[in-house]
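The values are calculated or read from the model by the stated rules, or taken from the named source; none is laboratory data. Just so you know, these numbers come straight off a predicted model, no measurement behind them. Quick reminder, even Gly has a Cβ in these numbers, built from the backbone with ideal geometry, and neighbours come from all protein chains shown.
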């Protein structure tokens with residue numbers, strides 16, 4: 001992309017992102033907006049976030065199949081299977097919703113029963129395995145990726161609800177049972193108002209609202225709001241479990257409109273944290289640092305000056321801005337390599353949790 | 001008017017025979033009487049059911065009215081109520097499948113029974129999987145019995161009660177003041193029994209006539225009450241505003257079954273006019289003859 005085009009894109013983006021007075025635009029009626037940045041270069045696909053979320057929120061009661069946080073392999077079909085082809089979101093002018101589909105149970109994968117009882121207590125010497133036919137599940141296509149040996153490629157994509165600024169799930173509900181919380185923009189389903197119509201499940205293009213067939217209501221990621229309100233362990237303010245329990249600590253959590261915080265710097269200043277599928281136009285508040293991979297190698301094992309993960313694939317996921325984001329990161333990394341100061345590299349490589357999680361900045365006053 | 005003309009024509013024919021005069025008089029009197037009698041009888045015979053009327057048959061005891069296939073329903077008049085899509089602003093809001101519902105109504109001194117029956121080749125009685133939606137039906141009544149709120153779930157200042165049944169989760173009593181505001185009334189007094197036989201659902205809704213709380217329609221056995229009906233076809237993923245719904249009908253509970261007071265007054269005036277014209281004509285004939 002030429003510099004002129006770069007500038008044009010950046011100016012257009014600025015128009016969208018910045019209001020006249022320089023404030024970060026938030027959804028109407030929302031005081032602040034929680035946000036998360038995930039650095040895909042750090043994700044090792046261990047699913048600790050998935051399990052942290054599951055043990056907190058979705059272990060039982062009709063939630064067995066739900067993964068409010070999941071980690072899927074990209075390229076890959078994802079969770080639920082082929083969710084990117086199920087519609088939802090907004091059309092080009094951002095005013096009409098695009099029709100969406102309800103996934104099938106099989107697309108999520110069933111919560112299998114295992115033969116634990118037989119093996120642990122009844123002395124069976126069968127291998128431990130699901131007791132029913134298991135032919136699909138979350139991250140079933142783990143590490144398959146794409147490309148040909150020796151230049152095959154894949155990376156992991158952790159996904160939670162994006163707590164969007166322009167959420168199509170909220171718009172889809174004819175009863176206003178799903179709403180954006182005023183204080184921090186967390187999107188919640190009012191379990192008393194929900195009548196299980198599932199328009200939100202259809203309407204979310206990321207398929208991050210789930211129908212609970214036992215309670216007959218829809219449920220979703222709550223951004224661990226009790227934890228960020230200080231109702232978590234030891235009565236302290238803590239980031240969502242998926243972030244805090246992550247072994248490589250790949251997530252930053254804070255407020256998009258905290259202009260001194262890392263989220264604002266990564267998203268709005270350096271513009272290296274990008275939305276997944278911006279073309280769905282729901283304006284997610286979960287952002288991703290796009291992944292790098294080792295360069296390609298020749299058949300003889302020599303390093304070749306060619307990117308392993310095709311740029312156009314990354315553009316499909318993160319939009320055209322991925323180009324300048326990767327260029328900025330490369331530039332800043334080279335600065336750090338030369339021993340120069342790089343605020344961006346400091347933010348991305350911090351091991352200080354206080355820098356990563358800034359959740360109490362608005363506690364006084366507003 | 002026909003009676004008067006007939007009498008007049010008869011008068012012309014009777015010029016040369018004074019004996020016919022008294023016969024004509026008798027005919028005129030008989031016709032006048034017939035018209036007066038028709039005033040009372042005609043609405044009940046020729047116009048037994050007014051448009052949008054659901055006759056409510058009073059029964060001395062509940063018998064098996066609560067049963068969808070109860071014998072007590074045999075004598076109750078059936079009204080075939082046409083329905084169409086509400087066109088609500090939800091996906092598929094204009095795509096519904098059920099075109100009419102048969103409605104029957106009966107009451108005892110204590111309870112109101114409504115039997116709804118509609119064509120549905122297969123029962124969808126589960127909401128246990130992501131893509132399954134249950135067949136459902138509802139009766140909508142104004143909270144304030146004498147009013148007629150906007151048909152689509154009423155409005156903020158003119159609310160509706162909804163007796164809602166679905167094949168998976170049973171019965172709910174709901175309160176709504178406009179689309180999207182539906183709220184469950186705790187401890188519903190509405191009872192339902194349903195059966196799917198052949199290719200039809202039959203559901204009986206019943207509730208005590210008297211309301212036990214605020215915002216629940218108090219059904220006065222001496223006063224008509226408006227009612228509308230809706231059906232959802234689960235197989236077509238119908239839910240929410242995607243439903244086949246009727247216009248407002250009324251449950252004919254009041255004393256003037258078969259017509260309104262206004263209709264009766266018109267008929268009585270017509271009768272009086274006919275008698276008066278007949279008498280004037282007869283008097284005219286007499287004078288012409290110089291009697």
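Quick check on my filter: what residues within region B:125-135 are crowded, with 20+ Cβ neighbours inside 10 Å and within 11 Å of chain A (Cβ to nearest Cβ)?
B:127, B:130, B:133, B:134
Filter region A:251-293 down to the residues that are more than 29 Å from residue A:200 (Cα to Cα) and in contact with a strand residue (DSSP E or B) (Cβ under 8 Å, 6 or more places away or on another chain) and list them by number.
Matches in region A:251-293: A:261, A:262, A:266, A:272, A:291, A:293.
For region B:220-238, check the following and say yes or no: at least one residue is touching a helix residue (DSSP H, G or I) at 6+ places or on another chain (Cβ under 9 Å) and crowded, with 18+ Cβ neighbours inside 10 Å.
Checked against the condition, which is being touching a helix residue (DSSP H, G or I) at 6+ places or on another chain (Cβ under 9 Å) and crowded, with 18+ Cβ neighbours inside 10 Å, region B:220-238 yields no hits at all.
Of the residues that make up region A:338-351, is at least one closer than 19 Å to residue A:73 by Cβ, crowded, with 17+ Cβ neighbours inside 10 Å and touching a residue at least 60 places away in the same chain (Cβ under 8 Å)?
Scanning region A:338-351 turns up no residue that is closer than 19 Å to residue A:73 by Cβ, crowded, with 17+ Cβ neighbours inside 10 Å and touching a residue at least 60 places away in the same chain (Cβ under 8 Å).
Taking the condition at pLDDT below 95, within 14 Å of another protein chain (Cβ to nearest Cβ) and out of contact with any helix residue (DSSP H, G or I) (no Cβ under 9 Å at 6 or more places or on another chain), does residue B:198 pass?
no
Please pick out the residue among B:93, B:154, B:63, B:87 that is at positive phi and within 14 Å of chain A (Cβ to nearest Cβ).
B:87
Do we find that residue A:64 is within 14 Å of chain B (Cβ to nearest Cβ), in a loop (DSSP other than H, G, I, E, B) and closer than 17 Å to residue A:220 by Cβ in this structure?
For residue A:64, the condition - within 14 Å of chain B (Cβ to nearest Cβ), in a loop (DSSP other than H, G, I, E, B) and closer than 17 Å to residue A:220 by Cβ - is met.
Look at region B:68-86 and say how many of its residues are touching a residue at least 40 places away in the same chain (Cβ under 8 Å) and part of a loop (DSSP other than H, G, I, E, B).
Number of matching residues: 5.
Can you tell me which residue within region A:207-238, out of those that are without any contact (Cβ under 8 Å) to a residue 24 or more places away in the chain and part of a helix (DSSP H, G or I), is surrounded by the most Cβ atoms within 10 Å (Cβ to Cβ)?
For region A:207-238, the residue satisfying everything is A:227.
Scan region A:83-103 for residues that are more than 13 Å from every other protein chain (Cβ to nearest Cβ) and in contact with a helix residue (DSSP H, G or I) (Cβ under 7 Å, 6 or more places away or on another chain) and jot them down.
Those that are more than 13 Å from every other protein chain (Cβ to nearest Cβ) and in contact with a helix residue (DSSP H, G or I) (Cβ under 7 Å, 6 or more places away or on another chain): A:89, A:90.
Please tell me if residue A:204 is crowded, with 20+ Cβ neighbours inside 10 Å and within 14 Å of chain B (Cβ to nearest Cβ).
Yes, satisfied.
Considering every residue within region B:174-185, establish whether at least one is modelled with pLDDT of 95 or more and within 26 Å of residue B:62 (Cβ to Cβ).
Checking region B:174-185: at least one residue is modelled with pLDDT of 95 or more and within 26 Å of residue B:62 (Cβ to Cβ).
For the condition within 20 Å of residue A:198 (Cβ to Cβ), away from chain A (no Cβ under 14 Å) and under 19 Å from the mean Cα position of the chain (by Cα), what is the one hit in B:245, B:230?
B:230
Please verify whether residue B:235 is part of a helix (DSSP H, G or I) and at pLDDT 95 or above, treating the condition exactly as stated.
yes
Quick check on region B:118-131. Is at least one of its residues part of a strand (DSSP E or B) and on the phi < 0 side of the Ramachandran plot?
Yes, there is a match, as at least one residue in region B:118-131 is part of a strand (DSSP E or B) and on the phi < 0 side of the Ramachandran plot.
Would you check which residues across region B:132-168 are outside any strand (DSSP E or B) and closer than 23 Å to residue B:199 by Cβ and list them?
B:132, B:133, B:134, B:135, B:167, B:168
Residues to consider are A:155, A:223; find the one that is at pLDDT 95 or above, farther than 22 Å from residue A:362 by Cα and more than 14 Å from every other protein chain (Cβ to nearest Cβ).
A:155 is the lone residue from the list that is at pLDDT 95 or above, farther than 22 Å from residue A:362 by Cα and more than 14 Å from every other protein chain (Cβ to nearest Cβ).
Looking at the structure I just gave you, is residue A:244 surrounded by fewer than 19 Cβ atoms within 10 Å (Cβ to Cβ), more than 14 Å from every other protein chain (Cβ to nearest Cβ) and either in contact with a helix residue (DSSP H, G or I) (Cβ under 6 Å, 6 or more places away or on another chain) or at negative phi (or both)?
Judged against the criteria, residue A:244 is not a match.
If you go through region A:173-185 one residue at a time, do you hit one that is away from chain B (no Cβ under 14 Å), outside any loop (DSSP other than H, G, I, E, B) and in contact (Cβ under 8 Å) with a residue 12 or more places away in the chain?
Yes, because at least one residue in region A:173-185 is away from chain B (no Cβ under 14 Å), outside any loop (DSSP other than H, G, I, E, B) and in contact (Cβ under 8 Å) with a residue 12 or more places away in the chain.
Suppose we filter region B:170-213 for residues that are touching a strand residue (DSSP E or B) at 6+ places or on another chain (Cβ under 9 Å), under 24 Å from residue B:124 (Cα atoms) and not in a strand (DSSP E or B); how many remain?
Qualifying residue count, region B:170-213: 4.
Could you say which residue among B:138, B:122, B:106 is surrounded by fewer than 18 Cβ atoms within 10 Å (Cβ to Cβ) and more than 12 Å from every other protein chain (Cβ to nearest Cβ)?
It is B:122.
I'd like the full set of residues that are in contact with a strand residue (DSSP E or B) (Cβ under 8 Å, 6 or more places away or on another chain) and more than 23 Å from residue A:102 (Cβ to Cβ), limited to region B:153-169.
B:153, B:154, B:158, B:159, B:160, B:161, B:162, B:163, B:165
Regarding residue A:124, is this residue within 12 Å of chain B (Cβ to nearest Cβ), surrounded by fewer than 19 Cβ atoms within 10 Å (Cβ to Cβ) and in a loop (DSSP other than H, G, I, E, B)?
no
With the structure loaded, tell me whether residue B:180 is at positive phi, more than 13 Å from every other protein chain (Cβ to nearest Cβ) and either surrounded by fewer than 17 Cβ atoms within 10 Å (Cβ to Cβ) or over 24 Å from the mean Cα position of the chain (by Cα) (or both) or whether it fails that test.
In short, no.
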